[in-house]
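Accompanying notes for the structure given below.
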Amino acid sequence: MKELANMANVYENASITLVAASAAGADEGFLKSKPIPKIDLRIPYGQQGTLFLRNQRYVHAIDVAPDPTESRAWCLQESLLSRRCLVYSSLHLYWACQELTYADQDVRLAVNPDYLPDNVHHFVQNLPVVFRTQRQGDKLLEEDWRQLWAFWRNVVSEYSSRQISFLTDRFPAISAVAKKVQDVSGDDFYAGIWKSNIAHQFLWKKATKENMLSSQLSPVQPRPNVYIAPTWSWLSCLGRVVYLSCAICPELKVRNAAVELANPLEPFGPVKSGIVTLIGRLEQISIFDQSRAGFHWLGRKQRNLLEIYSQFGHGKGEAKGFPDAKDEMVQGMEDAWCLEVGIETATQQWSNTGRRIGLILKRVGPGDAFQRIGYFRELTSVNHWFQGSELRTIQIT
């Protein structure tokens, strides 16, 4: 475990990383022959040529299962931080570096990795430019910050969709990437959340699909039976996570964030506890029936149910609530609250007329101590919930 803190340097300084992508385990070989049928043929003007044959489904590779390394959490950071990789895939032997990717038979797959099929999608090309150009202590430009947080959001989405044998490894398996982000940004790391961008990073949600190629909805999983992270961290839940594009409410102020590390010598390692203190506007809510799509209808506690139905339609509510974990958000539960965080917008520009989004909380003790159980989205921007609400100081664990 003592070598984990140095893994970012190991990957970055290696001349080349050999990736045994087709091997299902450490005891399985990967140097297997993958003969490709070919036909010698004469082409016009008397020249001799070769025609390579491949199953039609390999052309787009959508029906080909990803390599084992593409689904393992531990394997992501070696792909991200290595300068060059030679990947022994089930489908190809291919080369990936920070410029491009080539498969066997000298086939150039893509310059932009977003066009690669999942089973040959290599993340070494996804590093933001600032990773290669920034020197420690240099001040980041606005565009550098934008690239850095876009990169981190993509890392969170990809990493959270991957499998890991031991839940206690969820922090160590991403620690090398987190250390690299800190080296570049100088930011503080709180259980998967970064201090300088903390309010935006509260607005994560469980993805409806485990990957972009899947046509099936991903069910919400139970919360782990061992403590991993505070509820405001995406690491506290299982399954793929994505971030909402939002503008933060100007009234929301994060006063303090703190975590207790399991080992003080591992700043990116497991935590024992975490707490955030903030000032914001809350509304107590009622939780109604769960829809077939997996969300719950919500309404303000002081409003009559018939009044809500008359405005939005029978069986509906004023907002949709999306749970973080299975069986934590149930109809009729007491002491459920909504915390205003921002508005959902692609421009990230604040507007008082936007539909509010934020966290669904449950009270867990005396005073204003809460835990996160989901997020909400209002159905209308007219007369939003928090008009006239007083600011309160609360703590979320």
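Of all residues in the range 336-384, which are at pLDDT 80 or above and among the hydroxyl-bearing types (Ser, Thr, Tyr)? Of everything in the range 336-384, those that are at pLDDT 80 or above and among the hydroxyl-bearing types (Ser, Thr, Tyr) turn out to be THR345, TYR375.
Contact map, the range 11-25: residues that are over 13 Å from CYS97 (Cβ atoms) paired with residues that are among the β-branched types (Val, Ile, Thr) and exposed (fewer than 12 other Cβ atoms within 10 Å of the Cβ), Cβ distance under 7 Å, separation 6+ or inter-chain. No pairs are found. When you check ARG146 against the structure, is it assigned by TED's automatic domain parsing to the domain that holds ASN225, crowded, with 18+ Cβ neighbours inside 10 Å and either under 14 Å from PHE268 (Cβ atoms) or out of contact with any Lys or Arg (no Cβ under 6 Å at 6 or more places or on another chain) (or both), yes or no? In short, no. Selection of the range 192-224 for residues being in a loop (DSSP other than H, G, I, E, B) and at pLDDT 90 or above yields GLY192, LEU203, ARG223, PRO224.
For the range 247-262, taking the residues that are among the small types (Gly, Ala, Ser) and within 19 Å of ALA191 (Cα to Cα), the one that is surrounded by the most Cβ atoms within 10 Å (Cβ to Cβ) is identified as ALA257.
Applying a threshold of 9 Å to beta carbon distances and a minimum spacing of six or more residues, or different chains, the list of pairs starting in the range 385-397 at a residue that is closer than 16 Å to LEU359 by Cβ and at pLDDT 95 or above and ending at one that is hydroxyl-bearing (Ser, Thr, Tyr) and surrounded by 18 or more Cβ atoms within 10 Å (Cβ to Cβ) reads ILE396/THR231; THR397/THR231.
The values are calculated or read from the model by the stated rules, or taken from the named source; none is laboratory data. What you are looking at is a predicted structure, and each value in this text was computed from that prediction instead of being measured. Positions of Cβ are generated from backbone atoms using ideal geometry, with glycine treated the same way; all protein chains shown enter the neighbour counts.
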